[in-house]
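Here's the structure we're looking at; comments come further down.
The values are calculated or read from the model by the stated rules, or taken from the named source; none is laboratory data. Keep in mind that this is a model prediction, so the values were computed, not measured. Here the Cβ positions follow ideal geometry from the backbone for every residue, glycine too, while neighbour counts run over all protein chains shown. What goes into the accessible areas is simple: the full protein's heavy atoms, side chains included, and nothing from ligands, DNA or RNA. Shrake-Rupley method; radii C 1.70, N 1.55, O 1.52, S 1.80 Å.
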Amino acid sequence: MENRAAGKTVIEARNISKEFSGNYALTDVSLKIYPGKVNAIVGENGAGKSTLMKILSGVYTGYQGEVVYNGRTVTFSGTAEAQESGIAIIHQELNLVQNMTVAENIFLGREPLTRLGFTDYGRMHEITRELTQRLHLDVDPATPVFQLRTGQQQLVEIARALHLESSILIMDEPTSSLSENESELLFMIIRKLKEKGVAIIYISHKIEELLHIADNFTALRDGRVTGSMDIGEDIVSDDIIRMMVGRDIISRDKDVRATDSKELLKVTDLVFRNPKLKPPYLVNNVSFSLNRGEILGVSGLMGAGRSEMLEALFGLHSDYVSGNIFVEGKPVNINSVQDAIRAGMALVPEDRQLQGLIMAMNVAGNTTLVSPEKITSAGFINRKKEMQLCRRFRDKLNIRLSSFDQPVDTLSGGNQQKVLIAKWLACGPKILLLDEPTRGVDIGAKQEIYNIIDELALGGMGIIMVSSELPEILSMSDRILVFSASQLTATLKRDEADEEKIMKAATVNLK
């Protein structure tokens with residue numbers, strides 16, 4: 001195919017500008033994408049990366065400038081036309097129909113038919129199995145998507161894009177919920193697509209990942225291109241970061257915190273067993289403790305039981321959970337989320353858009369959502385109290401916004417994450433459960449969130465943090481719990497942990 005000839009530009013943005021309510025998300029952006037290469041796009045949240053990708057993939061149809069595809073100017077009427085032309089996008093925020101099955105999502109709008117004109121579910125399931133096997137995703141094609149973990153849903157998004165067999169594949173943070181092993185598997189698939197001449201547009205905040213997989217990169221800042229270059233041996237992460245943010249990022253000191261020896265949380269024989277699933281154990285006989293001021297990292301491959309352990313502690317599945325929980329030495333019964341909050345716990349979930357925030361609600365409403373007693377008088381919202389609480393957390397977490405009445409879905413990913421953290425800190429928890437707290441946020445926002453977590457720990461809060469990023473786990477944690485096949489396989493102290501030991505414990509083949 002002509003558009004897959006090595007070295008030729010397959011798609012080009014020329015002087016693209018995009019305006020929203022008088023504010024420019026993109027200004028005079030020009031970009032060339034080459035076939036058979038991984039073309040990385042970098043920039044902080046709000047830099048314009050996703051806006052540009054939505055223009056190239058037909059999501060946004062009104063803009064200034066032009067898109068040139070295979071030598072001719074094109075104006076897509078929507079995503080369907082872009083897909084027909086060979087452009088597919090894997091969105092950062094999952095774009096799946098939750099009550100449809102895995103197979104139905106992969107074939108949505110392109111369902112094969114039998115000779116009698118009925119949907120050919122047998123064919124759909126056969127092809128779906130082939131796609132999910134390529135991604136090592138062990139799920140039944142007939143499984144409703146809402147039953148899958150966020151990382152598994154991300155693999156379904158990837159499988160759907162692969163099925164389109166597109167000439168251009170846009171990947172927006174494709175590894176944000178994947179472990180190191182799953183990411184390496186995706187990289188292997190990307191290399192095979194490159195060999196076929198597919199042009200990959202790759203957006204990621206993981207700089208080391210870009211140096212590993214990308215051929216070139218273009219940086220955006222405040223809706224403008226700030227530079228581009230090929231990635232070679234002489235390019236280091238600081239070069240990319242500097243072009244993205246216009247400043248150097250100071251690495252955090254790994255040894256900045258001394259923890260209290262006072263036990264805050266003790267968990268013994270925790271079991272999360274759902275007999276409707278195979279295998280039924282999501283968490284199998286797990287015991288651990290958490291001290292005041294300690295950050296307890298939780299590592300393991302996708303599906304190992306990390307998120308399920310947090311949810312079990314937080315009372316989300318009480319019918320299926322057993323075990324003993326002690327807070328400050330006293331036994332507590334957690335049969336609901338309300339019980340967990342009363343016990344001093346808060347959970348920042350993995351998927352902020354589906355599980356954490358009400359996206360159409362304003363910042364103030366989200367911030368105070370689970371602590372109405374802090375802002376009410378005689379049963380009515382006291383606007384003065386509401387604003388005082390919102391301002392306190394805006395200042396504490398450095399949330400960037402124009403107004404507390406601003407809908408939360410208009411904020412950048414990093415600021416949305418800070419609002420989600422503020423929502424739960426407003427409850428005044430002793431124990432903060434964090435599930436992938438920096439998923440899909442830029443390098444600058446990551447550093448700010450790390451600082452927030454450190455400050456909370458220094459203030460005596462106990463923190464349990466699940467993360468798929470090993471460097472994050474190693475730099476943030478005082479101790480590390482490693483899960484494999486729903487069981488706790490290792491507890492490592494900060495000074496003895498390294499990536500090799502964690503991966504060894506995460507891949508133990510348990511019977």
Discussion item. Residues that are closer than 25 Å to Gly344 by Cβ and free of Cβ contacts under 8 Å to residues at least 24 places away in the same chain: does segment 450-458 have at least one?
Written reply: yes
Item to complete: Quickly run through segment 266-311 and pick out the residues that are under 17 Å from Lys430 (Cβ atoms) and in contact with an Asp or Glu (Cβ under 8 Å, 6 or more places away or on another chain).
Response: Ser289, Leu290, Asn291, Arg292, Gly293, Glu294, Ile295, Leu296, Leu310
Worksheet item: Hey, does segment 69-88 have a residue that's surrounded by 19 or more Cβ atoms within 10 Å (Cβ to Cβ), within 23 Å of Thr143 (Cβ to Cβ) and touching a residue at least 12 places away in the same chain (Cβ under 8 Å)?
Response: yes
Discussion item. For segment 225-239, check the following and say yes or no: at least one residue is open to solvent by less than 20 Å² (accessible area, probe 1.4 Å) and in contact (Cβ under 8 Å) with a residue 40 or more places away in the chain.
Written reply: no
Fill in: Filter result for Glu448 (within 23 Å of Arg352 (Cβ to Cβ), open to solvent by 30 Å² or more (accessible area, probe 1.4 Å) and among the acidic types (Asp, Glu))
yes
Discussion item. Being without any contact (Cβ under 8 Å) to a residue 24 or more places away in the chain and of a type outside the set (A, V, I, L, M) is the filter here; which residues of segment 326-351 pass it?
Written reply: Lys330, Pro331, Asn333, Asn335, Ser336, Gln338, Arg342
Worksheet item: Where residues in segment 420-434 are among the small types (Gly, Ala, Ser) and open to solvent by less than 20 Å² (accessible area, probe 1.4 Å), which of them is nearest to Gln338 (Cα to Cα)?
Response: Ala426
Worksheet item: Which ones in segment 26-65 are touching a Ser or Thr at 6+ places or on another chain (Cβ under 7 Å), closer than 22 Å to Ile241 by Cβ and modelled with pLDDT under 90?
Response: Asn45, Gly46
Worksheet item: Do the conditions hold for Thr73, that is, is it of a type outside the set (Gly, Ala, Ser) and either in contact with a Phe, Trp or Tyr (Cβ under 9 Å, 6 or more places away or on another chain) or more than 25 Å from Leu282 (Cα to Cα) (or both)?
Response: yes
Worksheet item: Taking segment 401-423 only, how many residues are part of a loop (DSSP other than H, G, I, E, B) and within 20 Å of the chain's Cα centre (by Cα)?
Response: 2
Worksheet, complete the sentence: When every residue in segment 314-347 that is in contact with a Leu (Cβ under 6 Å, 6 or more places away or on another chain) and small (Gly, Ala, Ser) is compared, the one nearest to Ser287 (Cα to Cα) is Gly323
Worksheet entry | Residue ID - most open to solvent (accessible area, probe 1.4 Å), chosen from residues in segment 212-224 that are in a strand (DSSP E or B) and farther than 17 Å from Ile201 by Cα | Arg224
Discussion item. Suppose we keep only residues that are under 22 Å from the mean Cα position of the chain (by Cα) and open to solvent by 50 Å² or more (accessible area, probe 1.4 Å) within segment 51-66. Which one would you say is nearest to Tyr202 (Cα to Cα)?
Written reply: Lys54
Worksheet item: Can we say Ser204 is of a type outside the set (Phe, Trp, Tyr), touching a Pro at 6+ places or on another chain (Cβ under 8 Å) and either at pLDDT below 85 or open to solvent by 10 Å² or more (accessible area, probe 1.4 Å) (or both)?
Response: yes
Worksheet item: What are the residues in segment 260-296 that are open to solvent by 60 Å² or more (accessible area, probe 1.4 Å) and assigned to a loop (DSSP other than H, G, I, E, B), if any?
Response: Asp260, Ser261, Lys262, Pro275, Lys276, Leu277, Lys278, Pro279, Arg292
